[in-house]
Each structure stands twice: as C-alpha cells, then as structure tokens.
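Let me give you the structure first, and then I'll get to my questions.
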C-alpha cells in the first residue's frame, strides 16, 4: 500500500517560497498561471504567493485533496515527484502517511533527498500503467503492470535504491553532479544531458572528438586543393 504525490518544483527544498525563478523553465506554470496555485512573482523573480502548499511541505508535512476527502487507501509509503521540463517526473522525496483528517493527509517528518540522488526521467505510464491526467496524487496499492510480482510501491523503492548505488550497471559509483540520464519505459538509458555550466570546457573537447569521428570516412583532400581554396577565400 502506498501513494505517489505530484507537486510543483520548489528551489527552497519545499521549505519556503521559491526565489529567483524568472529564468527557470521548471516554474513556467507558476509564472504564466497555467496552473493556478496562487503564485505571485515580483520583479526579482521571487514568489510572493500565500496559497502554495509546496512551500511548507517539508516543514508542516501535509497535502490537501481539493476534490473531496482522502480514502482509507491513503496509507503506507508516500513518494513525492515533480514534473521536469521534458514532461518526465523527478522522484525527490519519500515518507509515510501519519494520519488522514478529511481532505488533508499528514506525513512523518522527512527531508528531500539530495539532488544527486533524485530519480529522474520517470514516466507516469512507467509507474502507473496509464497517463496521469488531472489530480495531484495516485494510490499505489495494485500490482505493477509490467512486473506482477511487484507492487508499484516496490517498483519505486527499487528505483531509489538503484539511484543511490549509481543506477544499473554502475553500482557502487557516485552520480556526477550536472549529469542527467534519460531513460525509456524499461529504465534503460537512452541519452544524457550534461550541464554546460558544470562541464562546459570538457564538453568542448568531447564535441571536437565527435566532429572528428563523424568525418573520419570522408575522402581526404589534396594539400594543393586546400591551399588553392584558402588562397581563393583570401
């Protein structure tokens, strides 16, 4: 038995209002009010809204259902995710249901996982077996659609453990800061996103190698031809 709760991103570890979000695409829905969460952004990009539950999630430890009361299924382990800019989900926290009071569910005290241990690139279909439309939470009390011997809760707990150990094929290693893997529905790595702020200089060298490798089968040009082309451009 368990739950998964989809929240908005928060750059204060879900402990306060967000700051300096104007140029961060993860907060576009707040800035443009695509989703009305009561966000009010000042000229410095700081949130001045008072109705955002994310800002107290890791200090008051509760979540609200806006469409009625939580059912008796609201118990067990709780996983917290937020939507990334590519539409995937990032699993950033884990706790347990402490109690339910009508349309509020309270959790045991917890802290967000450190960013290098976030599980990135998850898809709703991968977790739930269906698209995640409206609503901020789903129950995880049924067997996983791809792994009948596991519950959906087991599936997510395993994802966290794999990430702690450096993901599949890299157990025992430390995840690199500024390196994010994209995975398919089976969890297989298909691409990598590298932070240029963190690894920009190394990326330039790597890119030069890629260009050289891509041209290795091109026919060689005679020196006289190259010299004539150079002189012509002069």
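So for the stretch 2-168: antiparallel DSSP bridges make up what percent, rounded to the nearest 5? Don't skip to the answer; put the middle values down first.
Working: 21 of 26 bridges.
Percentage antiparallel, nearest 5: 80.
Taking 0.36 nm per residue of sequence separation and subtracting the Cα-Cα distance, how much length would be gained by fully extending the chain between residue 98 and residue 16, in nm to one decimal? Please list the in-between numbers first.
Numbers: separation 82, 0.36 × 82 = 29.52 nm, distance 2.20 nm.
Full-extension gain reported as 27.3 nm.
Let me ask another. Rg and Dmax in Å for the stretch 1-137, alpha carbons only: what are they?
14.6, 44
Assuming R0 = 22 Å, what is the FRET efficiency of residue 131 and residue 88, from their Cβ-Cβ distance, to the nearest 0.05?
Working: r = 13 Å, r/R0 = 0.59.
My answer for the efficiency is 0.95.
Taking other Cβ within 10 Å of each residue's Cβ, how do 159, 72 sort, fewest first? Provide the component values of the computation, followed by the final result.
Values: 159 20, 72 7.
Ascending number of Cβ neighbours within 10 Å: 72, 159.
Can you compute the modelled spin-label distance between residue 60 and residue 193, with each label point 7 Å from Cα toward Cβ, in nm?
Each label point lies 7 Å from its Cα, and together they span 3.1 nm.
Okay, next question. Quick one: which of 200-206, 148-154 comes out on top by average Cβ neighbours within 10 Å, and what's the full order, highest first? Mind showing how you got there, number by number?
Working: 200-206: 10.9, 148-154: 15.4.
Put in order of decreasing packing, that is 148-154, 200-206.
Sorting 130, 78 on the 10 Å Cβ count, fewest up front, what's the list? Intermediate values should be presented prior to the final figure.
Values: 130 10, 78 24.
Fewest to most other Cβ atoms nearby, the residues stand as 130, 78.
Once you put a point 7 Å from the Cα of residue 42 and another 7 Å from the Cα of residue 147, both along the Cβ direction, what distance in nm separates them?
In this crude spin-label approximation the distance works out to 4.7 nm.
Provide 52, 47 in ascending order of the number of other Cβ atoms located within 10 Å of each residue's Cβ, fewest first. Don't skip to the end; give the middle numbers.
On the way: 52 19, 47 26.
In order of increasing Cβ crowding within 10 Å: 52, 47.
Now a separate question. Which FRET efficiency value, to the nearest 0.05, is calculated for residue 117 and residue 224 with the Förster distance at 35 angstrom and r the Cβ-Cβ distance? Numbers along the way, then the final one.
Numbers: r = 59 Å, r/R0 = 1.67.
Calculated value: 0.05.
Each value in this text was obtained by applying a stated rule to the coordinates, not by laboratory testing. A quick note: this is a predicted structure, and the numbers were derived from the prediction, not measured. Neighbour counts are summed over all protein chains in view; Cβ atoms, including those assigned to glycine, are modelled from backbone coordinates with ideal geometry.
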